[in-house]
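What follows is a single structure, written as structure tokens, with notes after it.
Where a number appears in this text, it was derived from the coordinates with a stated rule and is not lab data. No experiment lies behind these values; they were computed from the predicted model shown. We place every Cβ from the backbone using ideal geometry, glycine too, and count neighbours over all the protein chains shown.
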Amino acid sequence: ERTLEMDPGFLDTEGEHVHDETVTSHGFREARPLSLDLLKEWMCSTLLPEAGPRLYRMKGVIHVAGSDTKFVYQAVHMLNIGGFTTPWREGEQRESRLTFIGKSLDKAALQRGFESCIDTPENVATRLASLGMGRLRFSVGDAVRCCYSRAWVAGTVVKLAHWAG
């Protein structure tokens with residue numbers, strides 16, 4: 001009632017409407033799994049600082065590398081939340097879908113950022129290089145000895161993932 005008092009035409013669907021042509025939505029899909037580390041890094045250090053005030057809404061379901069559970073992400077402006085929810089059903093196509101709604105969004109930059117989160121050796125290497133780490137000492141498949149529960153055990157590197165920063 002208060003809204004109608006301030007703007008009597010608020011619910012008028014027949015009246016004239018002025019749309020802001022700079023407000024757009026862009027959605028992206030990817031069948032390959034995303035690295036949650038790369039996604040968080042892109043969102044926190046690039047996307048939100050550069051476009052946060054112009055981002056009205058973000059939402060998506062993410063196929064996270066190494067997880068059998070969906071990661072659901074939602075954001076309004078710069079407030080965001082995400083978490084693992086339900087397992088992927090047997091036979092369900094695993095893919096990431098992420099939608100951005102905002103003002104004066106650069107679709108090509110969003111696409112590049114989204115693609116930089118795909119869990120590939122190249123994307124991980126790029127991220128490590130940006131941290132000044134260059135090449136890691138071990139590669140996938142290398143035999144290693146690890147201290148586990150106060151004992152040294154033999155192991156094999158099966159994946160490069162998760163870093164601080």
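For the range 28-143, what does the alpha-carbon gyration tensor say about shape, rounded, prolate or oblate, given a ≥ b ≥ c as the root eigenvalues, a/c under 1.5 as rounded, and a/b over b/c as prolate?
Oblate, because a/c is 1.5 or more while a/b does not exceed b/c.
If packing is taken as the average number of other Cβ atoms within 10 Å across a peptide's residues, how do 21-31, 40-50 rank, most packed first?
By packing density, highest mean first, the sequence is 40-50, 21-31.
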